[in-house]
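Notes for the one structure printed next.
The values are calculated or read from the model by the stated rules, or taken from the named source; none is laboratory data. Because the structure is predicted, anything quoted here is derived from the model rather than measured. For neighbour counting, all protein chains shown are included, and Cβ atoms are generated from backbone atoms with ideal geometry for every residue, glycine included.
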Amino acid sequence: MGRLQPVERQNRLQLIDSLRGLALLGILIANIPFSSNEQASVAAGLQGSDNVLSFLVHLLVDKKFITIFSMLFGFGFYVQMKRAEECGIDFRSYFLKRMTILLLIGCIHAYIFWFGDIIRDYAVCGMFLLFVYRWKPKKILIAAIIFSVFLTGTVYILNGLVGINYSYDTSIVADHPVTDSYWHYLYINARMDPFVNFIQDSPITLVFCFGNMLTGFWMAKSGFFHQHEQFGRARKNLIALGILLGIPASYLLWLITMGKIELSPALIWLPYVIVAGMILQSLFYIAAFTQLFQMKSWQKLLSVFAPVGKMALTNYLLQTIFYVIFFFHWSHGLKLYGRLSISETYLVALGLFTLQVLYSRWWMKRHEQGPIENIWKRVAYKFSGSNFSMQTN
């Protein structure tokens, strides 16, 4: 039997690592805790710019980069599948153990540090990828559209019809970032947790996440990132569709979020259009990034994201550490939540990502993989019964 080892450095796709790093920047911006200090904004003349910036983040960032991140998870699934087949490894058994360990990491992250965890959803959806990994690309693409567009839109509509009622007093949401008690923070984490409130919160996340993973799996299996010439026209079409349909769909979602459009039976089609547009906008970013990466001048610039993407799990968890130290009050750190304008909060986000870039570059020069990835893969290899080699990432 062969040995399942980390992918050799020279065989890694620099493009995928860089794209994953960019996605982590978008996730950081979308998730960073903020409560705009309106008085401070007015005093600094920032209120107008805060409104514009908040709108632009919603239009261009929110939900798009976590969608890209999910797609790249599906791409990674394909890479691991191919490596396992080449090494003669029982891929299904190995990957199931790998996802079980990831689920445990997600539970620790969700309940001890931050309720907004997505790792558990990835672990669950990853397990279901095992049912489709032998499928042909066309069948995978059809399933991806069904899950990410039709099922997601349907769950959204059903949520609106049934109404979402929580068993806890939703006022505790406001206490979450400002409580000085870690025990109260843990209590709020547990009460608000999407898996605890599974029916209310998790179905739409799981079906959308799984659909995105299928999209990434299809892109890998069809050669989207490898066969640049064959998919050249497709990338240009995705760029056009993302601009013409994706961004307007995000604007419609903003109008609904702001209460400027109220869904009615006559607008039953709108959630499907919005979800499809959101996916097209994410694919537009992927296609545009891929096009630019083919130019040497741009490749050098965009590769700054690669070290961050190579240790994506570590950096995703590190972002939570940033939130805890810089914003949440229970840590007795800087306690910035409620003291910054939206503009200032996003400036802090850029500063924190710069730290991630510097840290990732430093770490990857000395190690073959991120610290959390190292632990995760060591345990997975041990339980899979495969020999482990620390040669590469």
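General remarks:
- The range 201-233, residues that are touching a residue at least 40 places away in the same chain (Cβ under 8 Å), over 20 Å from the mean Cα position of the chain (by Cα) and either under 15 Å from residue 145 (Cα atoms) or not in a loop (DSSP other than H, G, I, E, B) (or both): 221, 222
- Tally of residues being touching a Leu at 6+ places or on another chain (Cβ under 6 Å) and more than 14 Å from residue 207 (Cα to Cα) across the range 127-150: 1
- Any hit, the range 175-186, residues being buried (at least 17 other Cβ atoms within 10 Å of the Cβ), at pLDDT 90 or above and part of a helix (DSSP H, G or I): yes
- Of everything listed in (1) in a loop (DSSP other than H, G, I, E, B); (2) modelled with pLDDT of 90 or more; (3) not charged (D, E, K, R), the single unmet condition for residue 360 is (1).
- Residue tally, condition at negative phi, surrounded by fewer than 15 Cβ atoms within 10 Å (Cβ to Cβ) and not in a helix (DSSP H, G or I), over the range 73-92: 1
- In the set (1) assigned to a helix (DSSP H, G or I); (2) surrounded by fewer than 18 Cβ atoms within 10 Å (Cβ to Cβ), the condition left unmet by residue 131 is number (1).
- When the range 74-121 is filtered for residues that are of a type in the set (Asp, Glu) and either out of contact with any helix residue (DSSP H, G or I) (no Cβ under 6 Å at 6 or more places or on another chain) or within 21 Å of residue 17 (Cα to Cα) (or both), the ones remaining, listed by number, are 85, 86, 90.
- Residue 60 vs. criteria at pLDDT 95 or above and surrounded by fewer than 17 Cβ atoms within 10 Å (Cβ to Cβ): yes
- Meets criteria (free of Cβ contacts under 8 Å to residues at least 60 places away in the same chain and either closer than 26 Å to residue 110 by Cβ or surrounded by fewer than 22 Cβ atoms within 10 Å (Cβ to Cβ) (or both)) for residue 300: yes
- Of everything in the range 112-123 that is of a type outside the set (D, E, K, R) and buried (at least 17 other Cβ atoms within 10 Å of the Cβ), the residue that is farthest from residue 198 (Cα to Cα) is 113.
- Qualifying residue in the range 208-219 (condition: at pLDDT 90 or above, more than 30 Å from residue 82 (Cβ to Cβ) and surrounded by 15 or more Cβ atoms within 10 Å (Cβ to Cβ)): no
- Test: residue in the range 259-271 that is within 25 Å of residue 119 (Cβ to Cβ), out of contact with any Gly (no Cβ under 8 Å at 6 or more places or on another chain) and aromatic (Phe, Trp, Tyr): no
- Selected residue [among the β-branched types (Val, Ile, Thr), more than 28 Å from residue 143 (Cα to Cα) and out of contact with any His (no Cβ under 6 Å at 6 or more places or on another chain)] from 204, 199, 243, 172: 172
- Matching entry among 157, 142, 172 (being of a type in the set (A, V, I, L, M, F, W, C), under 27 Å from residue 70 (Cα atoms) and either modelled with pLDDT under 95 or crowded, with 16+ Cβ neighbours inside 10 Å (or both)): 157
- Unmet criterion (only one of (1) part of a loop (DSSP other than H, G, I, E, B); (2) within 28 Å of residue 23 (Cβ to Cβ); (3) not hydrophobic (A, V, I, L, M, F, W, C)) for residue 152: (1)
- Within the range 374-393, restricting attention to residues that are assigned to a helix (DSSP H, G or I) and closer than 15 Å to residue 83 by Cβ, the residue that is modelled with the lowest pLDDT is 384.
- Residue 95 hydrophobic (A, V, I, L, M, F, W, C), buried (at least 16 other Cβ atoms within 10 Å of the Cβ), at pLDDT below 95 and over 26 Å from residue 326 (Cα atoms): yes
- Any hit, the range 333-344, residues being crowded, with 17+ Cβ neighbours inside 10 Å, part of a helix (DSSP H, G or I) and more than 23 Å from the chain's Cα centre (by Cα): yes
- Within the option set 327, 289, being out of contact with any Ser or Thr (no Cβ under 7 Å at 6 or more places or on another chain), of a type outside the set (Asp, Glu) and surrounded by fewer than 22 Cβ atoms within 10 Å (Cβ to Cβ) holds for one residue only, 289.
- Cβ separations smaller than 7 Å between residues 6+ apart or across chains give the following pairs from the range 100-111 residues that are closer than 17 Å to residue 192 by Cβ to residues that are modelled with pLDDT under 95 and surrounded by fewer than 16 Cβ atoms within 10 Å (Cβ to Cβ): 111/190.
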